[in-house]
Amino acid sequence: MAGEDILVFQLVSRGDSKCDECGRELFKGNLLRKEGARGLCIDCADLGHLTYVPAGDACITRRASNYSPLRAIVLRFSRTRKRYERQGILVSEEALARAEEECLDDAEVRERRREADAERRAERDAEYVGKFADEIRKRYPSAPVDVPDGIAAHACQVHSKRIGRTASAKDFDPGAIDLAVQAHVRHRHTQYDALMAAGIDRLDARVQVREAIDVVLAKWREKA
């Protein structure tokens, strides 16, 4: 049947089976090709020189299939699903070697691209965090020297969903800058965390530390 896929079947039964041509016993996991009513081992079916490639790597499967002069599809019957399911392919050793080499090259190229993209993202992110810190310095010129960098690094942490990752913060909106600084002062310069740990309601705790926050912010806003 020219043009149709060659199919071979992986035996699932523990019962004895034999090749109808050479009489060799076949066991569970062995491959069998049907020719009419006869079942042939892959050697008698002239497929024994091919190499088995299990399903799972689409790149290797696709390329090995293209490069192999002869290919067979391996099927196995699923008792659970009541149907034959594809397990892999049989291809020439040369085709498999070529496919593996090319796919490895592609994987290395993709990895290099990922690394380069990650470096570019890191550079852009570092630039953004630096600018965010500069905006804090502009609004709070008397803040301790290392505080703006620490606030910016925390507020702008990638995937954190903190204030520094909002759209307004990326536009360096003063309100977003202030919120980041206020959050830092609340946790680092007041008893807010201790109040929360003691079971005080969050909003009540904020009210209790509001004055302390204002004092710190006022000091940091003073012109140097």
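For this structure, a couple of remarks:
- Take every DSSP beta bridge whose two residues both sit in the chain; close to 85 percent of them are antiparallel.
- Cα-Cα pairs of the stretch 125-221 separated by more than 15 Å (percent): 59 percent
- Label point distance in nm, Arg139-Arg79, each placed 7 Å from Cα along Cα→Cβ: 6.9 nm
- Set of aspartates and glutamates near Lys34 by C-alpha distance (under 16 Å), chain-local residues within fewer than 8 positions excluded: Glu4, Asp5, Asp20, Glu21, Glu25, Asp43, Asp46
- Loop chymotrypsin sites (Phe, Trp or Tyr not before Pro), the stretch 1-85 (other Cβ atoms within 10 Å of the site Cβ: 16 or fewer; DSSP): Phe27
- Using C-alpha pairs under 8 Å with a sequence gap of at least 6, the mean separation divided by the residue count of the chain gives a relative contact order of 13 percent.
- Among (i) 32, 18, 16; (ii) 26, 19, 16; (iii) 71, 23, 12, the entry that matches semi-axes √(5λ) of the Cα gyration tensor in Å as calculated here: (iii)
- Electrostatic dipole magnitude of the chain [Cβ: Lys, Arg +1; Asp, Glu -1; Cα centre; debye, to 20]: 960 debye
- Close amide H partners of Gln87, meaning residues 5 or more places away or on another chain with modelled amide H under 5 Å apart, are Val74, Leu75, Arg76.
- Residue-span extension gain [Arg86 to Ala167] - 0.36 nm each, minus C-alpha spacing: 24.3 nm
- Normalised by 2.2 N^0.38 Å, where N is the number of residues, the C-alpha radius of gyration of the stretch 31-126 stands at 1.56.
- The gain in end-to-end length when the Glu94 to Arg188 segment is fully stretched comes to 27.3 nm, 0.36 nm per residue minus the alpha carbon separation.
- Mean sequence separation of contacting Cα pairs (under 8 Å, at least six apart), scaled by the length of the stretch 6-91, corresponds to a relative contact order of 29 percent.
Only the coordinates and a few stated rules stand behind these numbers; no lab work does. Keep in mind it's a predicted model, so treat the numbers as computed, not measured. Every residue, glycine as well, gets a Cβ built from its backbone with ideal geometry; the counts of neighbours run over all protein chains shown.
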